[in-house]
Amino acid sequence: MSPTELAQDPSAVSAQSFSATNFDQDVMTTYGRFPIALERGQGCRVWDTDGQEYLDFVAGIATCTLGHAHPALVAAVTAQIQTLHHVSNLYYIPPQGDLAHWLTQHSCADRAFFCNSGAEANEGAIKLARKYAHTVLNIEQPIILTADASFHGRTLATITATAQPKYQKNFDPLVPGFVYVPFNDLAALKDKIATLDHDQRRVAAILLEPLQGEGGVRPGQLEYFQGVRQICDQTGILLILDEVQVGIGRTGKLWGYQNLGIEPDVFTLAKGLAGGIPIGAMLSKEFCSVLQPGDHASTFGGNPFVCAAALAVLDTLETENLLDNSAQRGEQLRAGLHTIQSQYPNLIAEVRGWGLINGLVLKDEIELTSIEVIKAAMEAGLLLVPAGPKVVRFVPPLVVSEGEVDKALQTVRKVLAELG
Ligand SMILES: *Cc1c(COP(=O)(O)O)cnc(C)c1O
């Protein structure tokens, strides 16, 4: 057997003895976990410690862009760690420059800053907006508007930006300077800005997801985002887009904002950027030069290892035509889910999404929850992730094949037949 065949044969790997009981004694209790332990992956498939195979439509939550053990990613990180894996930003880091160049050449941004996660990228954007407000807009107490049902991360500033009480409860006092508006509601946004202005509280930035991921796979509306852009152009308010979940081809286009016919002033990336190697990035138009040496930093940010990984992901995105695949497999998936919806009109309220981020929305008036569907799918060999209590989210690797999408649809059909 070749090494690849060996890696794909579950019996070839000695089953590690794994104890969930021991794990639960040692690891903090911050996560609810499904009762399987994943050990190995190849493409869109993963295997647990019992050798059970799953089709992975979670991809580390919209993160493993190239799936698991992709040869291009393996080769890039192997070569880089053998050469130089980490040095400080005290020095020039060539792969960081290459990555920033790729990102700025392929987007509306002029410059990039690198960090390690989505929350950290959003923290950076919040700091950038505040410094810009203080030093250029002359706003003493800058306000950042964010949307109901948004998700921007788990640090104190980003749970405050996240307009969902369940993420904030018992962590107060929260960070001042955030005000919430309903998503996709332009009139409410205009009203809020006017009311705040009247109270001498000026808005410095509006922070939105192009499509709300955690909040239930809710796509942004074209007219809304174009209206928001217009308000920002007229007032000088910054438009910051959180592309942490939808950036890097997830929506069938490289950036989520390309679905909305607008360009942001700042956008943030993380999940899919390095295909599962931890990275975050804040991209901005030139005004970001208000941040001067010493204003912002991250020890690991943009080190050679993660930048080599991201460059391999972006290169593969182009060589394997993954934007087209994301768009086409997404259409196939939504078409199949719509058929399933027509077969189970009493269970399914809606199918929505862009490219390879899609939600199957269960009816509010039935008892069935997303978790119940996901548990049944897992037992049937398909991994899915909730986006709230009623939305089953499909975010497979962008390398997913037509056959794998068909197989996932078959499993969903079977699961709903049992549950429905
Ligand atoms: C996941 C996510 C974040 C947080 O990213 P972390 O890497 O977990 O900090 C922020 N914004 C959006 C839209 C996300 O989906």
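Some notes on this structure:
- Per the listing Asn358, Asn346, the residue uniquely in contact (Cβ under 8 Å) with a residue 60 or more places away in the chain and loosely packed, with under 14 Cβ neighbours inside 10 Å is Asn346.
- Of the helices (runs of 4 or more DSSP H) lying entirely inside segment 276-392, the ones with 1 or more residues being under 21 Å from Pro94 (Cα atoms) are found at 304-319.
- Residue match in segment 260-270 (condition: open to solvent by 10 Å² or more (accessible area, probe 1.4 Å) and in a strand (DSSP E or B)): no
- 2 or more residues in contact with a Lys or Arg (Cβ under 9 Å, 6 or more places away or on another chain): qualifying strands (runs of 3 or more DSSP E) within segment 35-135: 45-48, 53-56
- Search result, residues across segment 59-92 that are out of contact with any Phe, Trp or Tyr (no Cβ under 9 Å at 6 or more places or on another chain), surrounded by fewer than 20 Cβ atoms within 10 Å (Cβ to Cβ), touching a residue at least 40 places away in the same chain (Cβ under 8 Å) and of a type in the set (A, V, I, L, M): Ile61, Ala69, Ala72, Ala75, Ala79, Val87
The values are calculated or read from the model by the stated rules, or taken from the named source; none is laboratory data. This structure is a prediction, so every number in the text was calculated from the model and none was measured. Because the Cβ atoms are built from the backbone with ideal geometry, glycine has one as well, and the counts that use them run over all protein chains shown. Each accessible area value is taken on the protein alone, full model and side chains, heavy atoms only, with ligands, DNA and RNA left out. Shrake-Rupley method; radii C 1.70, N 1.55, O 1.52, S 1.80 Å.
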